[in-house]
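Here's the structure, in structure tokens; my notes come after.
The values are calculated or read from the model by the stated rules, or taken from the named source; none is laboratory data. Just so we're clear, the structure is a prediction, and the values are computed from it rather than from any experiment. Glycine also receives a Cβ, built like all others from the backbone with ideal geometry; neighbour counts cover every protein chain displayed. SASA here: full protein model, heavy atoms, side chains in, ligands and nucleic acids out. Shrake-Rupley method; radii C 1.70, N 1.55, O 1.52, S 1.80 Å.
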Amino acid sequence: MKDTVVGRFAPSPSGYMHMGNLLAMLLAWLDARAQNGRMIFRLEDLDPTRSKQEYIDALAADLRWLGLDWDEGYPDPAYAQSNRTALYEDAFRSLQEKGLVYPCWCTRAERLAAASAPHQGEADADTGCPCARLTASERAMRLASGQRPAWKLRSPSETVTVKDGHYGVFTQNLARDAGDFILRRRDGVFAYQLAVTVDDMLMGVTRVVRGRDLLSSTPRQIFLIRAMGGTPPSYCHAPLIVSGGGKLSKRLGSLSTQYLRRETTPEALTGRLAFACGLIDREEPVSPEELVPHFSWDRVTREDIISKL
Ligand code: GLU
């Protein structure tokens, strides 16, 4: 069916989920189910040093425990980014052929030093390191020396506008606000921005719901999808849950689902999340299924939610 909404869960198995992850997943699921849409569950396990089987198992168990189901994906290995390298290679080559990619030998410290003044959510906007200005022969010489580079996308001075379903119009000039960004690390691992766009495109995702911290990545992703000849999905970002002035981190063990699952029930936790974001007027146990008929983004707050835990 052509018009079916296709949403996705796309967690990185680099830690246990916390309340903020769960809220984004609950909203992604409600958004899709309220439109009779389908859900995909893929694993963003690109980084072999951070992804752990223990976290993958916990992610799937947490979603099931909460009552968030999916139609496609995990445990099918084709939906794990670590098994999709050949697809990223093809996409990377197509961007290279368009002249959008250059090799970069800077260290991370050098890249940070070259970064412009921090933008919101964009602490290290890279406005071009010396590697971006090498001549073709200088570049060829360095490549021939065998020193492995990282590969970066040269951001054009192009304005990209996102019509976010929840936060409204968000505009960036790619070169100025996002800067050049890494598509492939020096160790050969493809970067999030490349993998996420290839996957959203090839999996036929039409609707991306995720935490607001990724709003500032969205213009880059729209640019990449268009550059690869695809049609970007629509985006709808979810409020963050913050604690002590910052976004929740997977390192805050006390807020992880592993802890929450011991001390509460799925309905109580769903009720807590739904109340915290404004979907229900009183904090009371409820299942995700029961929230579907009443779901509306109009009820969801745009403010950060302060965790009371
Ligand atoms: N894998 C990312 C995360 O866990 C989410 C990526 C996305 O939704 O685009 O934070």
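Couple of notes before you dig in:
- Any hit, region 224-247, residues being modelled with pLDDT of 95 or more, among the charged types (D, E, K, R) and touching a strand residue (DSSP E or B) at 6+ places or on another chain (Cβ under 7 Å): no
- Residues (crowded, with 18+ Cβ neighbours inside 10 Å and farther than 14 Å from residue 200 by Cα) located in region 68-82: 68, 70, 74
- Filtered by the rule that a residue be of a type in the set (A, V, I, L, M, F, W, C) and either open to solvent by 20 Å² or more (accessible area, probe 1.4 Å) or away from the ligand (no atom under 14 Å from the Cβ) (or both), region 35-56 gives a lone residue, 46.
- Just one of the listed residues (32, 10) is within 9 Å of the ligand (Cβ to nearest atom) and touching a Lys or Arg at 6+ places or on another chain (Cβ under 7 Å), namely 10.
- When residue 180 is tested against (1) crowded, with 21+ Cβ neighbours inside 10 Å; (2) within 14 Å of the ligand (Cβ to nearest atom); (3) acidic (Asp, Glu), just one condition goes unmet, and that condition is (2).
- Odd one out for residue 3 among (1) over 18 Å from residue 232 (Cα atoms); (2) at pLDDT below 95; (3) not β-branched (Val, Ile, Thr): (1)
- Only one entry in 241, 225 is touching a Pro at 6+ places or on another chain (Cβ under 8 Å) and within 16 Å of the ligand (Cβ to nearest atom), namely 225.
- Residue match in region 217-232 (condition: open to solvent by less than 30 Å² (accessible area, probe 1.4 Å), in contact with a Phe, Trp or Tyr (Cβ under 8 Å, 6 or more places away or on another chain) and outside any helix (DSSP H, G or I)): no
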